[in-house]
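Beneath this line is the structure, given in structure tokens, with notes to follow.
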């Protein structure tokens with residue numbers, strides 16, 4: 001049978017990524033705040049800039065400048081007045097940790113405050129008045145109150161009002177829009193030129209759908225720029241409000257061409273989902289792309305706490321149904337996490353007789369198909385409750401990430417049986433298991449972290465893995481893991497299709513937590529000084545531009 005792609009090629013194609021360096025030993029005792037900073041591994045974000053045209057080399061500094069503006073906007077959304085906070089700090093490690101977290105709350109420790117005198121982080125971050133109750137918000141008759149692109153504020157009489165992003169950030173978005181137009185003038189690819197021009201408009205009017213459509217139509221661009229208010233993880237009160245961020249990306253065109261072929265399997269895989277027909281009645285768009293990139297700059301939401309290594313966009317359900325979505329694999333960042341985090345975790349927690357199944361190819365594949373799997377299932381409830389995202393409110397993000405994780409493994413299983421993926425299926429299962437330990441360390445403040453807590457507890461009850469008491473390390477039971485995969489897939493898809501807010505809340509309450517067993521394993525990883533995530537050295541100077 002003809003192979004569409006040999007996943008085994010992935011390691012070879014990533015040979016330009018930096019090999020893991022031996023950690024420098026030190027005898028100096030770290031302060032508590034230095035210990036916090038040390039859970040992040042420093043990684044340089046670079047790429048081969050010789051492949052870029054002269055115009056592209058001029059565009060990247062402009063994109064980085066725009067990214068810094070997005071960073072400024074996210075600081076306001078996450079915390080408020082950045083400068084007053086940073087100017088009050090004298091300890092370099094404390095200032096660094098505040099910058100990593102975009103505020104005084106630890107994103108890898110359930111948003112616990114780490115500065116004296118700081119209270120709990122507001123569930124609505126800085127999108128809503130701190131004294132606003134849910135009852136007050138839900139009773140307010142305000143046009144645009146659930147919009148992705150409005151702040152909720154109080155007028156002089158204390159009544160709730162909406163303030164559009166383009167008004168709140170008028171000066172900043174005008175600067176960013178002007179810079180985007182300069183990028184558009186330099187763009188040699190017509191699709192990229194059109195997208196950048198429309199995105200410049202969107203920053204000024206908060207109408208992002210036209211630029212999302214144009215972004216989906218890009219096919220031959222060498223650079224990519226994900227920029228604007230995009231994800232809604234920061235709003236934990238309702239998951240309504242989008243946060244500003246930016247990624248500057250350099251495409252690996254030949255590899256992207258190979259990966260893109262998998263999108264054609266989405267309709268077939270949708271029909272085979274292990275759930276009743278009404279929960280898979282929508283047809284996923286096939287005009288979708290799988291692309292591989294080196295990321296050379298992160299800013300804003302995606303740069304806070306744990307770092308994204310793959311992207312699935314746009315989030316607009318209408319765009320997804322019309323054109324599908326694009327899945328961007330950030331291979332240099334992915335390689336860094338595999339080398340410095342996943343391999344040490346596997347050495348500590350995975351049984352020696354299964355450790356051979358921990359491979360970068362499987363890590364890349366699991367991550368890639370997670371993004372593809374966002375396109376499976378349904379975007380609208382089957383009982384008139386509206387979109388899944390609106391029906392499930394603050395629980396929607398964690399459940400959607402959990403869906404993508406488990407259906408990504410389902411896709412790999414199905415495609416492997418069809419002969420479309422080479423290598424051992426067990427590699428993907430064991431690497432998936434090690435990945436749970438990696439991602440659960442992001443904490444309950446992260447939608448990805450909470451999704452992995454749910455999955456660990458669900459799999460544990462199913463017997464999908466077992467701890468060998470003699471070695472204290474874990475083995476996967478491959479047959480039971482497959483059964484658990486199908487059972488969890490059905491549960492999540494049903495909850496989403498029903499828009500079952502109470503059912504999801506119960507699932508999160510029962511399984512979205514770290515029990516004694518899991519906590520003991522996480523403590524082992526901490527004692528071994530295994531990094532939890534990465535932090536970047538990035539910018540024009542690092543790139544040599």
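Any read-out appearing in this document is the output of simple, stated calculations on the displayed coordinates, not a laboratory observation. Computed from a predicted structure; not experimentally measured. As a convention, Cβ positions derive from the backbone with ideal geometry for all residues, glycine included, and neighbour counts pool all protein chains shown.
Details
- Highest to lowest packing among 124-137, 151-164, scored as the average C-beta count within 10 Å: 124-137, 151-164
- Inter-site label distance for residue 159 and residue 418 at 7 Å from Cα along Cβ, in nm: 5.7
- Helix-only mean residue ellipticity at 222 nm for the chain, each DSSP H run of n ≥ 4 adding -39500 (n - 2.57), per residue, nearest 500: -14500 deg cm²/dmol
- In percent, rounded to a whole number, the relative contact order of region 40-543 is 18, using alpha-carbon pairs under 8 Å and six or more apart.
- Separation of the residue 190 and residue 322 label points, Cα + 7 Å toward Cβ, nm: 2.0
- Contour minus Cα-Cα distance for residue 278 and residue 31 (0.36 nm per residue): 83.3 nm
- Pairwise label distance in nanometres, residue 181 with residue 510, each label 7 Å out on the Cα-Cβ vector: 5.7
- Protection proxy ranking, peptides 307-314, 416-423, 325-332, average beta carbon neighbours within 10 Å, highest first: 325-332, 307-314, 416-423
- Ordering of 114-121, 407-414 by packing is 407-414, 114-121, highest average first (other Cβ atoms within 10 Å, averaged per residue).
- For residue 58 and residue 467, the difference between the fully extended length at 0.36 nm per residue and the C-alpha to C-alpha distance is 141.9 nm.
- A Förster radius of 56 Å, combined with the Cβ-Cβ distance separating residue 479 from residue 116, puts the computed FRET efficiency at roughly 0.60.
- In range of the label at residue 383: residues from region 499-515 whose backbone nitrogen is under 14 Å from the point 7 Å along Cα→Cβ: 499-505
- Which label in (i) 244; (ii) 154; (iii) 175 gives the computed volume of the Cα convex hull per residue in Å³: (ii)
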